[in-house]
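**Student:** Structure in structure tokens, see below.
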Ligand SMILES: C[S@@+](CC[C@H](N)C(=O)[O-])C[C@H]1O[C@@H](n2cnc3c(N)ncnc32)[C@H](O)[C@@H]1O
Ligand code: SF4
């Protein structure tokens, strides 16, 4: 009942966001901010993946690099970035030299304090890791998802062997890189025993952090085939993973994250609480009370070449920002400082304490299920204008740009 009420309230807050496709506002940052770079290329498309990507080609890569370097040149930013995170798509479809060009262009304007990147293991080599380290990356995230060939084949994902993953992680750690591995729970063909086996195998390699993502279905995004089990069962398997991972020295740092050591890295968590600027097609930014989202690759390349900076813009909606802060707090499994939350969420937290979801500032078992369901709702219902005409008041105008830009693929 409490879970259903909180999900309804949150989804209502998210539904209020309506975007307009228009010239983007000038960025304003005071204090600390983050930088996100979106690399939109993949070698193949995994059937479950909702993130924006197009199939890699050298021509598209050249156009993308030209556009993103110009986008950085034209952007009026300065100061100190707390983090730079390169995500995708598959960032390692770019050569390390291409990544260096992007980073160097940013460093002409801002000081960058920490750099992390997402990597597809099937395409990753020791040499690539060595070069990333040489240009200043300290943190990497590798998408393993499952070691089962039956699962991987069913989703069209590039196959990687356990031995290859083990070699990469051991080599990355020997270079002093901090390593997160993404595992997924509930993929097609991935039954409970396969999940248990996947978690056991990854824990024997001992990456610094393991993230166990339940299979999520984003609003109005095609994702198929459907999950192999219910959300509650996916949560149950993540709870089992907690028990198993304790035996290997991991502690739970979030509802879906487990780490050895004290250094934790949450690529998305910070995005909920500090302003950041995104570069590249479909990249998100939040600053100056605005939420800004870049267009898809074809429109992005065409507009930047024409000297235009167009994007989907919406005023940051206070209720949605507050719900995301609350979601971040319970994702971290601690509710110790509620001072920056509005009074209705403080009352809601009091109710959660009275009904046994929170005890001594920490989430209980049923509290963790609430956190799982709230986080799932935040991700699945986050308003996204790309491919969602209902979220954009002038989508026709955007479509007319798409016809001119025309890769004909999203
Ligand atoms: C966008 S991928 C980037 C890295 C690289 N392309 C790869 O696949 O390894 C980042 C992570 O998103 C997660 N992911 C993708 N689709 C998901 C879904 N439907 N639900 C939950 N997590 C998902 C996967 O764990 C994946 O490792
Ligand atoms: S999971 Fe990674 S490799 Fe697969 S389609 Fe998504 S971004 Fe590309």
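**Student:** Which numbered condition in (1) at pLDDT below 95; (2) crowded, with 20+ Cβ neighbours inside 10 Å; (3) not in a helix (DSSP H, G or I) is the only one that residue 258 fails?
**Tutor:** So residue 258 meets the others, but not (1).
**Student:** Which count do you get for residues in the range 85-96 that are more than 14 Å from ligand 2 (Cβ to nearest atom) and either crowded, with 18+ Cβ neighbours inside 10 Å or in contact (Cβ under 8 Å) with a residue 12 or more places away in the chain (or both)?
**Tutor:** Of the residues in that region, 2 qualify.
**Student:** Further question on the same structure: Confirm whether residue 112 is within 16 Å of ligand 1 (Cβ to nearest atom) and assigned by TED's automatic domain parsing to the domain that holds residue 180.
**Tutor:** no
**Student:** Can you spot a residue in the range 164-171 that is closer than 19 Å to residue 36 by Cβ, in contact with a helix residue (DSSP H, G or I) (Cβ under 8 Å, 6 or more places away or on another chain) and buried (at least 16 other Cβ atoms within 10 Å of the Cβ)?
**Tutor:** no
**Student:** Follow-up. If residue 308 satisfies all but one of (1) closer than 23 Å to residue 64 by Cβ; (2) assigned to a helix (DSSP H, G or I); (3) touching a residue at least 12 places away in the same chain (Cβ under 8 Å), what's the number of the condition it fails?
**Tutor:** (2)
**Student:** Take the range 50-72 and flag every residue that is under 23 Å from residue 112 (Cβ atoms) and in contact with a helix residue (DSSP H, G or I) (Cβ under 7 Å, 6 or more places away or on another chain).
**Tutor:** If the condition is that a residue be under 23 Å from residue 112 (Cβ atoms) and in contact with a helix residue (DSSP H, G or I) (Cβ under 7 Å, 6 or more places away or on another chain), then 64, 65, 67, 68, 69, 70, 71, 72 are the ones that fit.
**Student:** State whether one or more residues within the range 180-187 are within 16 Å of residue 119 (Cβ to Cβ) and in contact with a helix residue (DSSP H, G or I) (Cβ under 7 Å, 6 or more places away or on another chain).
**Tutor:** There is at least one residue in the range 180-187 that is within 16 Å of residue 119 (Cβ to Cβ) and in contact with a helix residue (DSSP H, G or I) (Cβ under 7 Å, 6 or more places away or on another chain).
**Student:** Oh, and also: Report, by residue number, each residue of the range 141-153 that is more than 12 Å from ligand 1 (Cβ to nearest atom) and either within 23 Å of the chain's Cα centre (by Cα) or in a loop (DSSP other than H, G, I, E, B) (or both).
**Tutor:** Result: 147, 148, 151.
**Student:** Moving to a separate point now. Being modelled with pLDDT of 95 or more and under 22 Å from residue 163 (Cβ atoms) is the filter here, so list the residues in the range 179-192 that pass it.
**Tutor:** Across the range 179-192, the qualifying residues are 179, 180, 181, 182, 183, 184.
**Student:** Here is a further query. Take the conditions modelled with pLDDT under 95, surrounded by 20 or more Cβ atoms within 10 Å (Cβ to Cβ), farther than 20 Å from residue 125 by Cα and away from ligand 1 (no atom under 13 Å from the Cβ) and apply them to residue 34. Does it pass?
**Tutor:** Spelling it out, residue 34 is indeed modelled with pLDDT under 95, surrounded by 20 or more Cβ atoms within 10 Å (Cβ to Cβ), farther than 20 Å from residue 125 by Cα and away from ligand 1 (no atom under 13 Å from the Cβ).
**Student:** Looking at this structure, is residue 143 more than 14 Å from ligand 2 (Cβ to nearest atom), within 17 Å of residue 91 (Cα to Cα), touching a helix residue (DSSP H, G or I) at 6+ places or on another chain (Cβ under 8 Å) and at pLDDT 95 or above?
**Tutor:** When the stated conditions are applied, residue 143 does not pass them.
**Student:** Here is a follow-up. I'd like to know if the range 203-211 contains one or more residues that are within 15 Å of ligand 2 (Cβ to nearest atom), within 22 Å of residue 90 (Cα to Cα) and assigned by TED's automatic domain parsing to the domain that holds residue 149.
**Tutor:** Yes - at least one qualifying residue is present in the range 203-211.
**Student:** For the range 339-362, what are the residues that are at positive phi and in contact (Cβ under 8 Å) with a residue 12 or more places away in the chain?
**Tutor:** Once the filter is applied, which keeps residues that are at positive phi and in contact (Cβ under 8 Å) with a residue 12 or more places away in the chain, the range 339-362 yields only 361.
**Student:** Name every residue in the range 116-135 that is touching a helix residue (DSSP H, G or I) at 6+ places or on another chain (Cβ under 7 Å) and either part of a helix (DSSP H, G or I) or away from ligand 2 (no atom under 16 Å from the Cβ) (or both), in order of residue number.
**Tutor:** Hits for the range 116-135 are 121, 123, 126, 128, 129, 131, 132, 135.
**Student:** Could you tell me whether any residue of the range 178-194 is within 30 Å of residue 136 (Cβ to Cβ), under 22 Å from the mean Cα position of the chain (by Cα) and away from ligand 1 (no atom under 16 Å from the Cβ)?
**Tutor:** The answer is yes, given that some residue of the range 178-194 is within 30 Å of residue 136 (Cβ to Cβ), under 22 Å from the mean Cα position of the chain (by Cα) and away from ligand 1 (no atom under 16 Å from the Cβ).
Let's see how each residue does on (1) outside the structural domain of residue 357 (by TED's automatic domain parsing); (2) modelled with pLDDT of 85 or more; (3) within 18 Å of residue 218 (Cα to Cα):
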position	(1), (2), (3)
367	no, yes, no
372	no, yes, yes
383	no, no, yes
388	no, no, yes
399	no, yes, no
408	no, no, no
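**Student:** Shifting gears a bit: Do we have residue 45 as touching a strand residue (DSSP E or B) at 6+ places or on another chain (Cβ under 8 Å) and part of a strand (DSSP E or B) here?
**Tutor:** It is false that residue 45 is touching a strand residue (DSSP E or B) at 6+ places or on another chain (Cβ under 8 Å) and part of a strand (DSSP E or B).
**Student:** Being within 16 Å of ligand 1 (Cβ to nearest atom) and assigned to a loop (DSSP other than H, G, I, E, B) is the filter here; which residues of the range 80-96 pass it?
**Tutor:** The answer is 89, 90, 94.
The values are calculated or read from the model by the stated rules, or taken from the named source; none is laboratory data. From a predicted model like this one, the values you see are computed outputs, not experimental measurements. Counting neighbours? That spans all protein chains shown, and the Cβs are built from the backbone with ideal geometry, glycine included.
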